[in-house]
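First the structure, in the form of structure tokens, and then the observations on it.
Every number here is computed from the coordinates shown, using simple stated rules; none is lab data. Nothing here was measured: the structure is a model prediction, and the numbers come from that model. Here the Cβ positions follow ideal geometry from the backbone for every residue, glycine too, while neighbour counts run over all protein chains shown.
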Amino acid sequence: MAGVRYRREIEVTTDADATFAYLSDFANAAEWDPGIVEAKRLTPAPTAVGSRFEVIALFRGKSYRIKGHVVEEA
């Protein structure tokens, strides 16, 4: 099964490094993704290869616990 990629562009007032640091820290996901009801970091900051996160996603009225980790740098 091939991976799914989404792309969306928006203008922000913060610089690129600060914006990337915020978005790549999935502990912040509940702040910007309406489908995430809870998110937390499982490893120490900063985000790097090997960083692990856990999110609780709400989809069609059900909660799903999703664990993920960073496997490579972009």
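Radius of gyration over Kirkwood radius for the chain, both on Cα atoms: the Rg/Rh ratio is 0.97. Ranked by how many other Cβ atoms sit within 10 Å of their own Cβ, fewest first, the residues Ser51, Ser24 fall in the order Ser24, Ser51. Highest-first packing order for the peptide set 31-42, 5-16 is 31-42, 5-16, based on the mean count of other beta carbon atoms within 10 Å. Using a cutoff of 8 angstrom between alpha carbon atoms and counting only pairs six or more residues apart, the relative contact order for the chain works out to 21 percent. Amide H contacts for Leu42 (H built 1.01 Å from N in the peptide plane; partners 5 or more residues away or on another chain; cut-off under 5 Å): Arg52, Phe53, Glu54. Its DSSP H runs of at least 4 residues, each contributing -39,500 (n - 2.57), put the calculated 222 nm mean residue ellipticity of the chain at -4000 deg cm²/dmol, to the nearest 500.
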